[in-house]
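Presented below is the structure to which this report refers.
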Amino acid sequence: MGLFSIFKSSKTVYFPGCVTYFKNREYFELYEKILHRLGIEFKLVNKKICCGLPALELGFDAEARKIAKRNFEIFKEENITHLITSDPGCHKMFLQDYPNLIPDWNIKTENLWNIILEKLESKPYLIKNRIIEKVTYQDSCYLGRYLETYEIPRKILELLGYELVEMNDSKESAFCCGSCGQLPFTNSHLSNSIAKERILQAKRRGVRKIITNSINDLQILNLNSTPEMEIIDISEVLADALGIRKKEAEEFKEEVEEEEILDMIDKDLKNQEIDELIKEENK
């Protein structure tokens, strides 16, 4: 069947984002496990697609529009009516930018974090482990400044048992961590300096763990962190709370790789059959 045939009947697509799917597959696999465990139905699209945010932010408006139109056609072919994503930048792109890029855009973009919160509140028995620990939370600029989603991720963490210690600049006044707006590509020195300052701000509050909900934020903070400060993604704490062991994620990865290999073999066999038919015709 292959990875991308899961939940074919669902009209909701889970879009992990390029950074998660192509560069940090372990988090993509964690999110899949989390969505399954919470009973959130979704399907995946067997296409290499990008939401187009990097192109838009770097000033390539025509290319961003081209990407958006191609994605819209793919979603229509797959009969998609709803979209969820764990990437704050992609969420902002689909929700705010696609309606401007595509006049007839009609796919509803739902807030994944709100769905997760509702599932945890309605089914508290799913939370197997509650960790009592003081942490701080880094607001994603896309999820916060653009989409004004501040409280939902915090409520999720509190449900899981965490005691949140706010940094001096948080929520509406949140200090950027340096990952947004393609800054790591256009001015890496400035991006790293901002990340270092944000980590210092967390240390001043007496915490030793920063939780993010953006893989881009996770990467830039980890790049500039020190041994006494731990940076983790919210998917990791969700997995721990839901009883998803790391081994499960690894086993899932092996299953996925095995299915993908079988699909490749199947395609090769079909290609061989086609070649043989062509040879027969040419005799």
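Listed values, structure above:
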read-out	value
Residue check, Leu83 over 29 Å from Gly206 (Cα atoms), under 15 Å from the mean Cα position of the chain (by Cα) and surrounded by 13 or more Cβ atoms within 10 Å (Cβ to Cβ)	yes
Positions within region 51-80 being at positive phi and either touching a Gly at 6+ places or on another chain (Cβ under 8 Å) or surrounded by 18 or more Cβ atoms within 10 Å (Cβ to Cβ) (or both), in sequence order	Gly52
The lone exception for Gly181 - which of (1) in a loop (DSSP other than H, G, I, E, B); (2) buried (at least 20 other Cβ atoms within 10 Å of the Cβ) it fails	(2)
Members of region 184-203 found to be among the β-branched types (Val, Ile, Thr) and surrounded by 14 or more Cβ atoms within 10 Å (Cβ to Cβ), listed by number	Ile194, Ile199
Asn222 being under 20 Å from Tyr31 (Cβ atoms) and either in contact with a strand residue (DSSP E or B) (Cβ under 8 Å, 6 or more places away or on another chain) or not assigned by TED's automatic domain parsing to the domain that holds Glu148 (or both)	yes
Selection from region 204-221 of residues that are over 16 Å from Gly89 (Cβ atoms) and in a loop (DSSP other than H, G, I, E, B)	Arg205, Gly206, Val207, Arg208
Residue among Ser179, Ser173, Ser193 that is modelled with pLDDT under 90 and out of contact with any helix residue (DSSP H, G or I) (no Cβ under 9 Å at 6 or more places or on another chain)	Ser173
Residue ID - farthest from the chain's Cα centre (by Cα), chosen from residues in region 198-239 that are modelled with pLDDT under 95 and among the acidic types (Asp, Glu)	Glu228
Candidates Leu160, Leu147, Leu117 - the one that is at pLDDT 95 or above, surrounded by fewer than 19 Cβ atoms within 10 Å (Cβ to Cβ), under 23 Å from Pro16 (Cβ atoms) and in contact with a Lys or Arg (Cβ under 8 Å, 6 or more places away or on another chain)	Leu117
Strands (runs of 3 or more DSSP E) completely within region 82-178 that count 2 or more residues being touching a Phe, Trp or Tyr at 6+ places or on another chain (Cβ under 7 Å) and either under 27 Å from Arg37 (Cβ atoms) or touching a residue at least 60 places away in the same chain (Cβ under 8 Å) (or both)	82-85, 133-137
Pairs, first over 18 Å from Tyr142 (Cβ atoms) in region 181-199, second part of a helix (DSSP H, G or I) and not aliphatic (A, V, I, L, M), C-beta under 9 Å, six or more apart	Asn192/Pro184
Verdict on Arg154 being in the same structural domain as Ser235 (by TED's automatic domain parsing), out of contact with any Gly (no Cβ under 8 Å at 6 or more places or on another chain), surrounded by 13 or more Cβ atoms within 10 Å (Cβ to Cβ) and over 21 Å from Glu57 (Cα atoms)	yes
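Per-residue answers, yes or no, for (1) modelled with pLDDT of 95 or more; (2) in contact with a strand residue (DSSP E or B) (Cβ under 8 Å, 6 or more places away or on another chain); (3) among the polar types (S, T, N, Q):
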position: Leu38; (1), (2), (3): yes, no, no
position: Glu57; (1), (2), (3): no, no, no
position: Lys66; (1), (2), (3): yes, no, no
position: Glu110; (1), (2), (3): no, yes, no
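The values are calculated or read from the model by the stated rules, or taken from the named source; none is laboratory data. Small disclaimer: the values here were computed from a predicted structure and weren't measured. Cβ sites come from the backbone with ideal geometry, for glycine too, and all protein chains shown count toward neighbours.
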